[in-house]
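Before any comments, here is the structure.
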Amino acid sequence: MTQVEIEQIAGQIRAKGLHLSWNDLLLLSESVVGSLIDAYQALLRSSMSPGNTISASPGDLLVLVQEKLGKALVSLTSEEQVARWKSEALSSDYTAPVD
């Protein structure tokens, strides 16, 4: 991502934030973070499913996507929270939320 793209995205987020009510801003945050969490957990579960062999090499696409999603979530929340979501996704009794 280029510096110009980053500045455009930051500007769009700021513009939305300045014009949204507090409740709308909370809903936007919940939607963005919630979507990242869902993608992260689905990717973790699919990578750990029986018969799916994922190499530990950094070049593996699934590993790379997991790392990037995890890093984005850490930036928005905390390492501890992301570890809890990972543990939850990989637990044997996990059931995906129904929309």
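Side notes on the structure shown:
- Matching residues in segment 17-33 - criterion: being at pLDDT 85 or above and surrounded by 12 or more Cβ atoms within 10 Å (Cβ to Cβ): LEU20, ASP24, LEU25, LEU27, LEU28, SER29, VAL32, VAL33
- Extreme residue, modelled with the highest pLDDT, among residues of segment 43-90 that are within 26 Å of SER29 (Cα to Cα) and among the hydroxyl-bearing types (Ser, Thr, Tyr): SER87
- Any hit, segment 12-26, residues being part of a loop (DSSP other than H, G, I, E, B) and over 26 Å from GLU79 (Cα atoms): yes
- Within segment 1-16, the residues that satisfy the criterion of being surrounded by 10 or more Cβ atoms within 10 Å (Cβ to Cβ) and charged (D, E, K, R) are GLU7, ARG14, LYS16.
The values are calculated or read from the model by the stated rules, or taken from the named source; none is laboratory data. These numbers were taken from a predicted model, which means no experiment stands behind them. Positions of Cβ are generated from backbone atoms using ideal geometry, with glycine treated the same way; all protein chains shown enter the neighbour counts.
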